[in-house]
Amino acid sequence: MQPTLLAIHTFLIKNRLTLAVAESCTGGLVSSLFTSLSGSSRYFFAGIVSYNNKAKENLLHIPHALIKTYGAVSAETAQHMALSVRKLTKTDFGIGITGIAGPTGAISGKPIGTVFIALNSRQKNLCARFSFSGTRAQIRKKTTSKTLFILKRFLHINQ
């Protein structure tokens, strides 16, 4: 088991905090990691895989104009995903992940491996852009690992 995942799991249970995830390019990998741990239902409320833009609009209430203006793979979309999933599930924290895992889908200014990871709580927000290399599977795995790393820092877990 990954030490970062276990540290987050323990911290959320101990502090009675809750989490939900909205994933696109990772296709549910982050949610799957949390739900692989016994007791995760105490903090993990939901994982929404909003792979298609219509799903982002219909399930997460992301305005069509926002996606049209900034793109599905953007800081704005990731931030809205994190905020929406947190509000929809009434959790303490929301995570939004969107990116281009490849090998197709690159657009101008956003090559294969471009990923945005956003975290949202009532007190603060964070969004970061990453450029990962490798195969589709490697990009998805790197995105999942980076999400856990960022969440651990966001929660100020020092373990």
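The values are calculated or read from the model by the stated rules, or taken from the named source; none is laboratory data. This is a predicted model, so every value here is computed, not measured. Please note: Cβ atoms are built from the backbone with ideal geometry, for glycine as well, and neighbour counts cover all protein chains shown. Note: accessible area is taken over every heavy atom of the protein model, side chains too, but ligands, DNA and RNA are not part of it. Shrake-Rupley method; radii C 1.70, N 1.55, O 1.52, S 1.80 Å.
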### Query
Considering only residues of the range 131-159 that are within 14 Å of S24 (Cβ to Cβ) and open to solvent by less than 40 Å² (accessible area, probe 1.4 Å), which is farthest from the chain's Cα centre (by Cα)?
I139
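For the range 29-77, name all the residues that are β-branched (V, I, T) and in contact with a Gly (Cβ under 8 Å, 6 or more places away or on another chain).
Kept after step one, since they are β-branched (V, I, T), are these residues of the range 29-77: 30, 35, 48-49, 62, 67, 69, 73, 77.
Hits for the range 29-77 are V30, T35, V49, V73, T77.
Can you pull out the residues in the range 75-92 that are of a type outside the set (S, T, Y) and either without any contact (Cβ under 8 Å) to a residue 60 or more places away in the chain or open to solvent by 30 Å² or more (accessible area, probe 1.4 Å) (or both)?
As a first pass, look at the range 75-92 and keep what is of a type outside the set (S, T, Y): 75-76, 78-83, 85-88, 90, 92.
Hits for the range 75-92 are A75, E76, A78, Q79, H80, M81, L83, K87, L88, K90, D92.
Say whether the condition of being over 28 Å from R136 (Cβ atoms), part of a helix (DSSP H, G or I) and modelled with pLDDT of 95 or more is met by at least one residue in the range 29-41.
Taking the range 29-41 as the starting set, the residues that turn out to be over 28 Å from R136 (Cβ atoms) are 38-39, 41.
Pick out the ones that are also part of a helix (DSSP H, G or I) and you get 41.
Narrowing the set further to residues that are modelled with pLDDT of 95 or more leaves 41.
The answer is yes, given that some residue of the range 29-41 is over 28 Å from R136 (Cβ atoms), part of a helix (DSSP H, G or I) and modelled with pLDDT of 95 or more.
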### Message
Filter the range 74-124 down to the residues that are within 26 Å of L12 (Cα to Cα), of a type in the set (G, A, S) and within 11 Å of the chain's Cα centre (by Cα) and list them by number.
### Response
A78, A82, G94, G96, A118
### Summary
Over the range 138-159, the set of residues over 22 Å from T77 (Cβ atoms) and in contact (Cβ under 8 Å) with a residue 12 or more places away in the chain is K152, L155, I157, Q159
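Conditions (1) of a type in the set (D, E, K, R); (2) out of contact with any Lys or Arg (no Cβ under 7 Å at 6 or more places or on another chain); (3) buried (at least 17 other Cβ atoms within 10 Å of the Cβ); (4) in contact (Cβ under 8 Å) with a residue 12 or more places away in the chain, marked per residue:
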{"position": "T18", "(1), (2), (3), (4)": "no, yes, yes, yes"}
{"position": "A22", "(1), (2), (3), (4)": "no, yes, yes, yes"}
{"position": "L33", "(1), (2), (3), (4)": "no, yes, yes, yes"}
{"position": "S38", "(1), (2), (3), (4)": "no, yes, no, no"}
{"position": "F45", "(1), (2), (3), (4)": "no, yes, yes, yes"}
{"position": "A55", "(1), (2), (3), (4)": "no, yes, no, no"}
{"position": "H61", "(1), (2), (3), (4)": "no, yes, no, yes"}
{"position": "I67", "(1), (2), (3), (4)": "no, no, yes, yes"}
{"position": "V73", "(1), (2), (3), (4)": "no, no, yes, yes"}
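Yes or no, residue by residue, for (1) of a type in the set (G, A, S); (2) under 12 Å from S24 (Cα atoms):
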position: Y51; (1), (2): no, yes
position: A55; (1), (2): yes, yes
position: N58; (1), (2): no, no
position: A65; (1), (2): yes, no
position: A75; (1), (2): yes, no
position: H80; (1), (2): no, no
position: T89; (1), (2): no, no
#### Entry: Within the range 107-127, considering residues that are loosely packed, with under 14 Cβ neighbours inside 10 Å and among the small types (G, A, S), the one modelled with the highest pLDDT
G109
### Residues satisfying the stated conditions in the range 1-20, i.e. more than 18 Å from the chain's Cα centre (by Cα), over 13 Å from G39 (Cα atoms) and not in a helix (DSSP H, G or I)
M1
### Message
of a type outside the set (F, W, Y) and in a strand (DSSP E or B): is that true of L148 in this structure?
### Response
no
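Does G71 meet the test of being under 27 Å from I8 (Cβ atoms) and of a type in the set (G, A, S)? Lay out the reasoning, then the answer.
Numbers: under 27 Å from I8 (Cβ atoms): no; of a type in the set (G, A, S): yes.
No, not satisfied.
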